[in-house]
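A.B. asks: Before we start, here is the structure in question, set down as structure tokens.
The values are calculated or read from the model by the stated rules, or taken from the named source; none is laboratory data. A quick note: this is a predicted structure, and the numbers were derived from the prediction, not measured. Cβ placement follows ideal geometry from the backbone for every residue including glycine, while neighbour counts extend to all protein chains displayed. All accessible areas refer to the heavy atoms of the entire protein, side chains included, with ligands and DNA or RNA removed. Shrake-Rupley method; radii C 1.70, N 1.55, O 1.52, S 1.80 Å.
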Amino acid sequence: MGPQGRVPQFVVECPWSHSAPDDPIVHPGHPGRAHLHDFFGNTATDAHSTTASLVASGETTCDTKADTAAYWAPALLRDGEPIRPLTSIAYYRPGLGVDPAVVEPFPEGLVVIAGDQTATAPQPLDVAAWHCGASPVLHSDPPACPETAPLAARIAFPDCWDGERLDSDDHHSHMAYSRDGACPDEHPVPVPQLIFEVRYPVTGDPGGLALASGGVRS
């Protein structure tokens, strides 16, 4: 059962592959321009990656070897030093309350990012949150986690598409979140919602933690 209850879904676990200051969505073709990211899944992911290149090349760290996708998130730092993640888990499911029968496959090449990298105030917990182990209790800041349930970050991606653009200038406006089980009129096409978790070897005092994108709320 996934992080939002008993719903139709499939789950892919993808251990850490590599870290690099690259972002093929926000800074395509410009290696080193992004803040440090941790990459999971496709081992060939870099600043030049495209849908075609990811399909054509690279091994995958994912337990489902047919998944050639690239997943990435801002690196977690402690006192400025990167912490290598334990693993990542991608849950693909209908948006909360959305009828699974109306969900359409992702169009090939769809670009989706989630969260606000400039945020200093808490983001909505149903978008970006921290938690311990498999606990459903979500926090805006990293909690002190026991050794039996290390720290994890959780990001929920938008699940409604405008039906026209594979990307947009801000990489956000072609997508939206469903509400009360329905997509907004401007983004009428329901697609699978990706809930992405990154798990870290971090327990106890969360002091000194920050994301490479900024504070722990970014």
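A.B. asks: Counting only protein heavy atoms, what percent of the accessible surface of region 52-93 is carbon or sulfur at a 1.4 Å probe?
C.D. replies: 56 percent
A.B. asks: Could you work out which residue, out of Asp126, Asp23, Asp185, moves most in a Gaussian network model of the chain, that is, has the largest mean-square fluctuation with Cα springs under 10 Å?
C.D. replies: Result for the chain, Cα springs under 10 Å: Asp185 fluctuates most.
A.B. asks: Just to confirm a number: summing +1 for Lys and Arg and -1 for Asp and Glu over residues other than Leu209 whose beta-carbon lies under 13 angstrom from that of Leu209, what do you get? Kindly include the intermediate steps, with their values, before the conclusion.
C.D. replies: Working: positive: Arg78, Arg217; negative: Asp79, Glu81, Asp141, Asp205.
That sum, taken over residues with Cβ under 13 Å, equals -2.
A.B. asks: Which semi-axes, in whole Å and largest first, does the equivalent ellipsoid of region 87-134 have when worked out from the alpha carbon gyration tensor as the square roots of 5 times its eigenvalues?
C.D. replies: Values: eigenvalues 114, 49, 34 Å².
Ellipsoid semi-axes (Å, largest first): 24, 16, 13.
A.B. asks: Which residue, chosen from His174, Pro201, Leu211, occupies the Cα position most advanced towards the positive end of the dipole of region 163-218, where the dipole is computed from +1 (Lys, Arg) and -1 (Asp, Glu) charges on Cβ about the Cα centre?
C.D. replies: My answer, from the dipole projection, is Pro201.
A.B. asks: Let me ask you something else. Rounded to whole Hz and in sequence order, give me ³J(HN,Hα) for region 54-71 from the Karplus expression 6.51 cos²θ - 1.76 cosθ + 1.60, θ = phi - 60°, writing x for Gly and Pro.
C.D. replies: Working through the residues one at a time gives 5, 5, 8, 9, x, 7, 10, 7, 5, 6, 9, 5, 6, 7, 9, 5, 10, 10 Hz.
A.B. asks: Summing Lys, Arg as +1 and Asp, Glu as -1, what charge do residues with Cβ under 15 Å from the Cβ of Cys62 carry, Cys62 excluded?
C.D. replies: Surrounding charge for Cys62 is -4.
A.B. asks: For the chain, what does -39500 (n - 2.57) per DSSP helix run (n ≥ 4), summed and divided by total residues, give at 222 nm, in deg cm²/dmol to the nearest 500?
C.D. replies: -500 deg cm²/dmol
A.B. asks: Tally up the carbon and sulfur contribution to the accessible surface of region 127-218 as a whole percent, 1.4 Å probe, everything protein left in place.
C.D. replies: Here it works out to 53 percent.
A.B. asks: Over region 74-192, how many percent of alpha carbon pairs lie in each 5 Å bin up to the one with the longest distance?
C.D. replies: Cα pair-distance distribution for region 74-192, in percent: 2, 10, 17, 20, 19, 14, 11, 6, 2, 0.
A.B. asks: About its Cα centre, how strong a charge dipole does the chain have in debye, to the nearest 20, once Lys and Arg get +1 and Asp and Glu get -1 at the Cβ?
C.D. replies: 520 debye
A.B. asks: Right, here's the next one. What are the semi-axes of the equivalent ellipsoid of region 130-218, taken as the square roots of 5 times the eigenvalues of the Cα gyration tensor, listed largest first and rounded to whole Å?
C.D. replies: Details: eigenvalues 205, 44, 18 Å².
Gyration-tensor ellipsoid for region 130-218: 32, 15, 9 Å.
A.B. asks: Quick check for you: with a 1.4 Å probe and neighbouring chains kept, what is the accessible area per residue of the chain, in Å²? Could you put the intermediate results ahead of the total?
C.D. replies: Numbers: 10640 Å² over 218 residues.
Counting only protein heavy atoms, the per-residue value for the chain is 49 Å².
A.B. asks: What does the charge add up to near Ser173, with Lys and Arg as +1, Asp and Glu as -1, over the other residues with Cβ less than 11 Å from its Cβ?
C.D. replies: With Lys, Arg at +1 and Asp, Glu at -1, the neighbours total -4.
A.B. asks: Semi-axes of the equivalent ellipsoid of region 21-140: what are they in whole Å, largest first, if each equals the square root of 5 times a C-alpha gyration tensor eigenvalue?
C.D. replies: On the way: eigenvalues 108, 99, 46 Å².
Its equivalent ellipsoid spans semi-axes of 23, 22, 15 Å.
A.B. asks: A further question on this structure: How high is the relative contact order of region 1-142? Use alpha-carbon pairs under 8 Å, at least six apart in sequence, and give a whole percent.
C.D. replies: About 23 percent, as a whole number.
A.B. asks: Suppose we keep just the alpha-carbon trace of the chain; what are its Rg and Dmax in angstrom?
C.D. replies: So, for the chain, Rg and Dmax equal 16.7, 47 Å respectively.
A.B. asks: How much length would be gained if the chain were fully extended between Arg179 and Lys65, taking 0.36 nm per residue of separation minus their Cα-Cα distance, in nm to one decimal?
C.D. replies: 37.7 nm
A.B. asks: Would you please give the FRET efficiency between Glu186 and His27, computed as 1/(1 + (r/R0)^6) with r the Cβ-Cβ distance and R0 = 45 Å, to the nearest 0.05? Display every interim value, and only then the final one.
C.D. replies: Numbers: r = 27 Å, r/R0 = 0.61.
It comes out at approximately 0.95.
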